[in-house]
Amino acid sequence: MASVAIWRALRHLPLWMFVGAVMAASTALGQSAESTSGPYAVTAPNGVDEEALVEIGGIKQWVTIRGADRANPILLIVGGTQVDGPRAILSPYVRTFQPWEKDFTVVQWDPRGAGKTFVAAGKTIGPDLTIDRLVQDGIELSQFLRDRLGKKKIVLLGINFGSTLSVKMIMAQPTLFSAYVAAGQIANPRAERERFGYQRLMRLATTANDEASLADLKLAGADVWREPRNPARIAAFQRVFVKYRPPVPANPMQEAISAPHWTMDDLIAAQAAAAQNERVLGRAWGENFDYGSLGPRLRVPVFVIQGEEATSSPAPMAKVWLDGLKAPRKVFVTIPGAGNHAIETHAVEFLALLDRYVRPVAVAK
């Protein structure tokens, strides 16, 4: 009965969250890297279009490099839509980021324990899945990209869990990077972020005089995700969350299935990564991690670009983090009406902000 109740709760999850769970669940570049074809092909004479498993940190890790002009700055996207783990990645969403390829060489990375890297590792996760190991992997990948593409520095874009990795990468090796873009900066423990999301829903339901949603929120409580989880409380929360959520990607499954070099078997096989990540990395890390360690100084320009309505990485919390940070340059911008998935749902607006603030800095390095 418990599993039935849990499924009834999960069926209220938006499609993108289900896809994230499914996805999060050979050759080296430079030798015989695969390129795409059809509508995803990069046809510009000086373009780059490579996808392969690359040796990073002693294992094969999935990396894609796409851009219309090799002279453009490298933009390395770290992390995905999963809040407190590396499980959900963005590499299958080629169509979403195609417009970015005219101004940046876009690099997607499935870190250990996620996506096609998880599949390539035999669908298992070893004890080496740690924050420090992931940070070192990111640094190794950045050094590889500099050599591969002949660039001195890289723009690092961190999303949610990836924001933690990105900041620590820059703190460890600042000379590798020209700028840091926080597309979802996590700066507070999970419980504080969850309370923020709960209070947002309470405010919206109260303003709308939505008695049904207020009753659901009362049942759910602000601690709905604490263990042991109660399926009825989760279902009540999800009903309100779905009703008041900001925009989410329209057809993520369709886009993922159509991605070059991805198969349904890959997507299904990777779903086991979700549970394994939590067992190995530990859900508690998001509560116990010292977010104060992500500062007080970064030696590169920092650009926080987030959805105004984000709850997994609340903009007000990111603003407090940025205000307390010392950096050569700091910019804070929110996208009105956008939520946790601003980078996908508002990709055009996000690119315009990258072009306005970040690209000039990257080109000058």
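The values are calculated or read from the model by the stated rules, or taken from the named source; none is laboratory data. Predicted model, so just to flag it, every value in this text is computed and none were measured. Every residue, glycine among them, receives a Cβ derived from its backbone with ideal geometry; neighbour counts consider all protein chains shown. Note: areas computed on protein heavy atoms with side chains; ligands, DNA, RNA excluded. Shrake-Rupley method; radii C 1.70, N 1.55, O 1.52, S 1.80 Å.
Points to keep in mind about this one:
- Residue-level analysis places PHE97 outside the set of residues that are in a helix (DSSP H, G or I) and out of contact with any strand residue (DSSP E or B) (no Cβ under 6 Å at 6 or more places or on another chain).
- Selection count, the range 268-278, where residues are open to solvent by less than 60 Å² (accessible area, probe 1.4 Å) and in a helix (DSSP H, G or I): 7
- For the range 104-133, a residue qualifies if it is farther than 17 Å from GLY58 by Cβ, open to solvent by less than 30 Å² (accessible area, probe 1.4 Å) and in a loop (DSSP other than H, G, I, E, B), and exactly one does: PHE104.
- For the range 147-155, the condition of being open to solvent by 10 Å² or more (accessible area, probe 1.4 Å), out of contact with any helix residue (DSSP H, G or I) (no Cβ under 7 Å at 6 or more places or on another chain), of a type outside the set (Phe, Trp, Tyr) and at pLDDT below 90 holds for none of the residues.
- Yes/no for ASN209 being over 15 Å from GLN136 (Cα atoms), open to solvent by 60 Å² or more (accessible area, probe 1.4 Å) and not in a helix (DSSP H, G or I): yes
- Residue within the range 174-192 that is in contact with a strand residue (DSSP E or B) (Cβ under 9 Å, 6 or more places away or on another chain), within 28 Å of VAL333 (Cα to Cα) and assigned to a helix (DSSP H, G or I) present: yes
- Count of residues meeting criterion [small (Gly, Ala, Ser) and either surrounded by fewer than 24 Cβ atoms within 10 Å (Cβ to Cβ) or outside any helix (DSSP H, G or I) (or both)] in the range 156-173: 2
- Condition met for LEU281 (modelled with pLDDT under 85, crowded, with 19+ Cβ neighbours inside 10 Å, of a type in the set (A, V, I, L, M) and over 20 Å from GLN108 (Cβ atoms)): yes
- In the range 248-267, the qualifying residues are those that are in a helix (DSSP H, G or I), touching a helix residue (DSSP H, G or I) at 6+ places or on another chain (Cβ under 7 Å) and open to solvent by 20 Å² or more (accessible area, probe 1.4 Å), and the one that is nearest to ALA338 (Cα to Cα) is MET253.
- Residue within the range 353-364 that is part of a loop (DSSP other than H, G, I, E, B) and open to solvent by less than 70 Å² (accessible area, probe 1.4 Å) present: no
- Residue match in the range 215-238 (condition: on the phi > 0 side of the Ramachandran plot and surrounded by fewer than 16 Cβ atoms within 10 Å (Cβ to Cβ)): yes
- Qualifying residue in the range 240-247 (condition: of a type in the set (A, V, I, L, M, F, W, C), open to solvent by 20 Å² or more (accessible area, probe 1.4 Å) and in contact with a Pro (Cβ under 9 Å, 6 or more places away or on another chain)): yes
- Any hit, the range 261-281, residues being within 18 Å of the chain's Cα centre (by Cα) and more than 30 Å from ALA52 (Cβ to Cβ): no
- Residues satisfying the stated conditions in the range 20-48, i.e. at pLDDT below 95 and in a strand (DSSP E or B): GLU34
- For PRO92: the one exception among (1) assigned to a loop (DSSP other than H, G, I, E, B); (2) surrounded by fewer than 19 Cβ atoms within 10 Å (Cβ to Cβ); (3) modelled with pLDDT of 50 or more: (2)
- Check on MET202, more than 21 Å from ALA222 (Cβ to Cβ), hydrophobic (A, V, I, L, M, F, W, C), out of contact with any Phe, Trp or Tyr (no Cβ under 8 Å at 6 or more places or on another chain) and part of a helix (DSSP H, G or I): no
- Tally of residues being touching a helix residue (DSSP H, G or I) at 6+ places or on another chain (Cβ under 6 Å) and either at pLDDT 95 or above or assigned to a loop (DSSP other than H, G, I, E, B) (or both) across the range 284-299: 3
- Number of the condition not met by ASP137 [criteria: (1) closer than 22 Å to PHE289 by Cβ; (2) of a type in the set (D, E, K, R); (3) open to solvent by 50 Å² or more (accessible area, probe 1.4 Å)]: (3)
- Close pairs (7 angstrom Cβ cut-off, 6 or more residues apart or separate chains): closer than 12 Å to ASN340 by Cα in the range 176-200, open to solvent by 10 Å² or more (accessible area, probe 1.4 Å) and at pLDDT 95 or above anywhere: GLN185/TRP321
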